[in-house]
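Engineer: Please see the structure below; I have some questions.
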């Protein structure tokens, strides 16, 4: 019969000393319960038991953190499991694993809750970004890409005048079609072109807000399949306004009178007519863009309305005129103002007013186009390229050249017409 250990009191347990011949000291009260004493280690409780004919030593915690009474209670619970045929060590490991699983699930739930809270915070933050703030951010990022400071100013003025008063204060993710109709409808029939530009700019702002994750869903400013069901087609509303232009037959006489005018504005206007270029392209021309020896003026993409580099063939008359334009030291502009900046549109208009000519500066491009179509056999696409208009359809797909030399023939014919006493029938060579 196995010897039953003497049941020690708490005080007796406290007086136990490590012995060379024994590391486990039986304390009684629970069969197999011992206090383990080892060098360089804290005392601990150990329960010696046999499970499936195998002897085990099960740790029950450190002494004195776990008291004698607590150790005996843990020992009895472990022996109750052994009596039921359960390995108490394996059972504890499984319980610990289940606890760890519960902890992992709790952590996963916590992370999911944190993610949901972050999403809610992001949505709340988005609500604080107004349409005006979104528009201002867009303009700050994109305006350097726009073709001119004037274009950026027009963007801002349009939004400030018409959009901000009604939707500027609204969270950008709450702007809906009904709000846009309130903005657009008052302008749609009276200032159709302005209203359409406003719609397009609002659409760009909302697209930017969507890509910046400040809003979601379809763009309420989209025209096709959206606003086109609420508003009339702007192309059928706005009347076509043709810019005033001189009759083609009057152009040679006009050029003769223009050559008699003094000043940079008159020189710029002569080059504008001879090249059929836009006012801004001529007024902003610099000497390093012009190669008089090759008779080519290369306008960089950044100064073109279409954002694409454009080569202008210079006629003999244009080259001769440019060679006579005085160059100002330390100024690269071909036609500088008195303050060495660009001459303004008003300067060119003042020349026409002084000459008592009822036409717009842009109207000379129209006169050139009419002349090509009615007085020459040059193909229309050549005239369109001379005007730096974007080609469409099949022409755009197959055009791989800017047809510089063919356009040179066209511009030379135009210059000869302008210099002649009457309208001439011009055939391409």
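The values are calculated or read from the model by the stated rules, or taken from the named source; none is laboratory data. From a predicted model like this one, the values you see are computed outputs, not experimental measurements. FYI the Cβ positions are ideal-geometry reconstructions off the backbone, even for glycines, and counts take in every protein chain you see.
Engineer: With respect to residue 26, is the statement that it is surrounded by 15 or more Cβ atoms within 10 Å (Cβ to Cβ), in contact with a strand residue (DSSP E or B) (Cβ under 6 Å, 6 or more places away or on another chain) and not assigned by TED's automatic domain parsing to the domain that holds residue 89 true? Break it down stepwise before answering.
Structural biologist: Details: surrounded by 15 or more Cβ atoms within 10 Å (Cβ to Cβ): yes; in contact with a strand residue (DSSP E or B) (Cβ under 6 Å, 6 or more places away or on another chain): yes; not assigned by TED's automatic domain parsing to the domain that holds residue 89: no.
Considered against the rule, which asks whether it is surrounded by 15 or more Cβ atoms within 10 Å (Cβ to Cβ), in contact with a strand residue (DSSP E or B) (Cβ under 6 Å, 6 or more places away or on another chain) and not assigned by TED's automatic domain parsing to the domain that holds residue 89, residue 26 comes out as no.
Residues are listed down the side, and each one gets a yes or a no for (1) surrounded by 10 or more Cβ atoms within 10 Å (Cβ to Cβ); (2) at pLDDT 90 or above; (3) in contact with a helix residue (DSSP H, G or I) (Cβ under 7 Å, 6 or more places away or on another chain); (4) at positive phi:
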{"site": "62", "(1), (2), (3), (4)": "yes, yes, no, no"}
{"site": "94", "(1), (2), (3), (4)": "yes, no, no, no"}
{"site": "101", "(1), (2), (3), (4)": "yes, no, no, no"}
{"site": "121", "(1), (2), (3), (4)": "yes, no, no, no"}
{"site": "134", "(1), (2), (3), (4)": "yes, yes, yes, no"}
{"site": "138", "(1), (2), (3), (4)": "yes, yes, yes, no"}
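Engineer: So, of the residues in the stretch 203-226 that are part of a helix (DSSP H, G or I) and out of contact with any helix residue (DSSP H, G or I) (no Cβ under 6 Å at 6 or more places or on another chain), which turns out to be surrounded by the most Cβ atoms within 10 Å (Cβ to Cβ)? If you could, list the steps in order and put the result at the bottom.
Structural biologist: We begin by selecting, within the stretch 203-226, every residue part of a helix (DSSP H, G or I); these are 203-211.
Right, trim to out of contact with any helix residue (DSSP H, G or I) (no Cβ under 6 Å at 6 or more places or on another chain) and you get 203-204, 206-207, 210-211.
Numbers: 203: 18, 204: 17, 206: 26, 207: 15, 210: 16, 211: 9.
Looking at the filtered set, the residue picked out is 206.
Engineer: Let me ask something else. I'd like to know if the stretch 265-280 contains one or more residues that are outside any helix (DSSP H, G or I), at pLDDT 90 or above and out of contact with any helix residue (DSSP H, G or I) (no Cβ under 9 Å at 6 or more places or on another chain). So that I can check it myself, show each step before the final result.
Structural biologist: Of the residues in the stretch 265-280, the ones outside any helix (DSSP H, G or I) are 276-278.
Filter once more, so that each one left must be at pLDDT 90 or above: 276-278.
Then drop every residue that is not out of contact with any helix residue (DSSP H, G or I) (no Cβ under 9 Å at 6 or more places or on another chain), which leaves none.
Checking the stretch 265-280: not a single residue is outside any helix (DSSP H, G or I), at pLDDT 90 or above and out of contact with any helix residue (DSSP H, G or I) (no Cβ under 9 Å at 6 or more places or on another chain).
Engineer: Given the criteria within 27 Å of residue 281 (Cα to Cα) and surrounded by 15 or more Cβ atoms within 10 Å (Cβ to Cβ), does residue 152 qualify? Step through it out loud before you land on a result.
Structural biologist: Values: within 27 Å of residue 281 (Cα to Cα): yes; surrounded by 15 or more Cβ atoms within 10 Å (Cβ to Cβ): yes.
Judged against the criteria, residue 152 is a match.
Engineer: Which members of the stretch 32-49 meet the condition of being surrounded by fewer than 20 Cβ atoms within 10 Å (Cβ to Cβ), modelled with pLDDT of 90 or more and assigned to a loop (DSSP other than H, G, I, E, B)?
Structural biologist: Matches in the stretch 32-49: 37, 43.
Engineer: Oh, and also: Tell me the helices (runs of 4 or more DSSP H) entirely within the stretch 299-416 that contain at least 2 residues that are assigned by TED's automatic domain parsing to the domain that holds residue 285 and over 33 Å from the mean Cα position of the chain (by Cα). Spell out how you get there, then give the answer.
Structural biologist: Numbers: elements: 316-323, 345-354, 363-375, 380-386, 393-398.
Helices (runs of 4 or more DSSP H) meeting the threshold: 316-323, 345-354, 363-375, 380-386.
Engineer: Of all residues being surrounded by 12 or more Cβ atoms within 10 Å (Cβ to Cβ) and either within 30 Å of residue 373 (Cα to Cα) or modelled with pLDDT of 90 or more (or both) in the stretch 227-248, which is farthest from the chain's Cα centre (by Cα)? Just the residue, please.
Structural biologist: Keep residues of the stretch 227-248 that are surrounded by 12 or more Cβ atoms within 10 Å (Cβ to Cβ), which gives 227-228, 230-231, 234, 237-238, 243-246, 248.
Now restrict to residues that are either within 30 Å of residue 373 (Cα to Cα) or modelled with pLDDT of 90 or more (or both): 234, 237-238, 243-246, 248.
Numbers: 234: 28, 237: 33, 238: 32, 243: 36, 244: 40, 245: 41, 246: 44, 248: 46 Å.
Checking each candidate, the answer is 248.
Engineer: Answer yes if at least one residue in the stretch 50-59 is part of a loop (DSSP other than H, G, I, E, B) and either out of contact with any helix residue (DSSP H, G or I) (no Cβ under 9 Å at 6 or more places or on another chain) or within 15 Å of residue 34 (Cβ to Cβ) (or both), and no otherwise. Explain how you work it out, then say what you get.
Structural biologist: Going residue by residue through the stretch 50-59, those that are part of a loop (DSSP other than H, G, I, E, B) are 52-53.
Now restrict to residues that are either out of contact with any helix residue (DSSP H, G or I) (no Cβ under 9 Å at 6 or more places or on another chain) or within 15 Å of residue 34 (Cβ to Cβ) (or both): 52-53.
Within the stretch 50-59 (the criterion being part of a loop (DSSP other than H, G, I, E, B) and either out of contact with any helix residue (DSSP H, G or I) (no Cβ under 9 Å at 6 or more places or on another chain) or within 15 Å of residue 34 (Cβ to Cβ) (or both)), the answer is yes, since at least one residue qualifies.
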